[in-house]
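The structure appears below as C-alpha cells.
Nothing in this text is a laboratory measurement; each read-out follows from the coordinates by a stated rule. Because the structure is a prediction, the values reported are computed rather than measured. Ideal geometry is used to build each Cβ from the backbone, glycine not excepted, and the neighbour counts take in all protein chains shown.
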Amino acid sequence: MTVGGKVVAAAAMLYRTTVALLKEWQRRNADLQELARLNDRDLRDMGLTRYDIPYLPAFMRAQEVEFPDLGESPMRGVSPKVFSIRRR
C-alpha cells in the first residue's frame, strides 16, 4: 500500500470511529433523557436518585469490558516525515 493509500485508509478509519462515537453518544444521551423524565418514585424503585443521573455514563463506561475491533492501524510503518510541512 502506498503512503497516499495509507493516509486515505487512516482518514476512513478516523471517519468510521467518529461516526461510531457520535452514535454511541446519541444513544447514551437518549437514555439519560429518558431517565430524567421519570419521577422520583420510579427512580427510587430502580435504586437511583436524580443526583445519580449525570454520573451514570461514566459508571456504565467503567463496567464495559469489550471494545470494538477496529483492526490494525493503516498508518503503521509510515514515517512522521511524510506529514511534515514544506516551507517555501
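At an R0 of 35 angstrom, the distance between the Cβ atoms of Met60 and Ala11 translates into a FRET efficiency of 0.70. Scalar couplings 3J(HN,Hα) for region 43-49, obtained by applying the Karplus form with A = 6.51, B = -1.76, C = 1.60 to θ = phi - 60°, are 4, 4, 4, 8, x, 10, 10 Hz; x denotes Gly and Pro. Peptides 7-13, 27-33 ranked from most to least packed by the mean count of surrounding Cβ atoms within 10 Å: 7-13, 27-33.
For Val3 and Lys23, a Förster radius of 41 Å and the Cβ-Cβ distance give a FRET efficiency of 0.85, rounded to the nearest 0.05.
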